[in-house]
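Peer 1: Dumping the structure here so I can ask a few things about it.
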């Protein structure tokens, strides 16, 4: 037991009543390090060595940060402890602390006066010369083309003018030469004489009907012979024993143009009558076509429904289908004053009296039944 300077020994504190409380900093440090058996006084050799680890463990464990100046905060001589074994450099790895770090050193900045003046880019002299020559060549071509077009237009205008003057002179000369002299008569020529001018090679259109190369397919195509336009050489001629089949085709009361039925003449009659007068037969068997054309309109006769019936006169003319030869051409006055059957009323509301079937048969019988 140590003695003080007076030579008297201090009284030993009581363990129960007189004992002073333990230093909380020391107790906390001892518990943090887990070294409860080690003394925490100032003379302990392990205090400085384990102090940083104790501070790190205290913060990681959620303990509050000690206030500044607290005895718990200790400043060790080496704040970084020795690395944990296994995390350091290998024993045979050479140290690189002696190597110097490379750094970029910018070049010195030159003054503005020392910089050369910036010039615009220039083309080579040969290229510039070639471009100038190409431009001049293009201009020359354009000028020559314009001059050629102008010369052509002037020449064409002069040619047209000369042709016009020549035509005018020719027409004047022909007019003066064709004028008849005094006291003379001018000779006239028929209009049918073909021209010997530019159309001299064209053949004149023949007068009369033209022969067809194919027979008619239906009876509705045979109305062309009524206009004197055609005939069919392949059809049978009107020759031999009667009857000679006929097709009566022409104008109806409502202005339309269709075959006449001639129903009263052949219905319930002999087979020869039906063959001769019915329109319902092959067109290749027809020898005659009788055409009925309205040529004049007379006075009003009566009202027929919404229409008005008028008197009419018809032309009846018949042709041989194989040759186009005209066999009959006469006039027939309509005498039936009854209202005819009308399928379509014309816009002018005018309907016409038709020639009776008996009058048509009487005019055609000698060509059909004999």
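Peer 1: Taking 0.36 nm per residue of sequence separation and subtracting the Cα-Cα distance, how much length would be gained by fully extending the chain between residue 327 and residue 311, in nm to one decimal? Before the final figure, lay out the partial values.
Peer 2: Numbers: separation 16, 0.36 × 16 = 5.76 nm, distance 2.68 nm.
Contour length minus Cα-Cα distance gives 3.1 nm.
Peer 1: From a point 7 Å beyond the Cα of residue 285 in the direction of its Cβ, which residues of region 293-335 have a backbone N at a distance under 18 Å?
Peer 2: Answer for region 293-335: 321-322.
Peer 1: Still on this structure, I have one more. I want to check the label-to-label distance for residue 356 and residue 241. Put each point 7 Å from Cα in the C-beta direction and report it in nm to one decimal.
Peer 2: Distance between label points: 3.3 nm.
Peer 1: What does the extension gain come out to for residue 105 and residue 261, with contour length at 0.36 nm per residue minus their alpha carbon separation? Each step should come with its number before you reach the end.
Peer 2: On the way: separation 156, 0.36 × 156 = 56.16 nm, distance 12.38 nm.
Difference between extended and current length: 43.8 nm.
Peer 1: Something else about it: Counting DSSP beta bridges in region 211-368, what percent are antiparallel, to the nearest 5? Show your work: numbers first, answer last.
Peer 2: Details: 23 of 32 bridges.
For region 211-368, the DSSP antiparallel bridge percentage is about 70.
Peer 1: For a Förster distance of 35 Å, can you work out the FRET efficiency between the beta-carbons of residue 370 and residue 207, rounded to the nearest 0.05? Mind showing how you got there, number by number?
Peer 2: Working: r = 31 Å, r/R0 = 0.89.
Approximately 0.65, to the nearest 0.05.
Peer 1: Taking 0.36 nm per residue of sequence separation and subtracting the Cα-Cα distance, how much length would be gained by fully extending the chain between residue 146 and residue 167, in nm to one decimal?
Peer 2: Values: separation 21, 0.36 × 21 = 7.56 nm, distance 3.19 nm.
Value of the extension gain: 4.4 nm.
Taken together, the values in this text are just the output of simple stated rules run on the coordinates, not laboratory data. The structure displayed is predicted, hence computed values, not measured ones. Because the Cβ atoms are built from the backbone with ideal geometry, glycine has one as well, and the counts that use them run over all protein chains shown.
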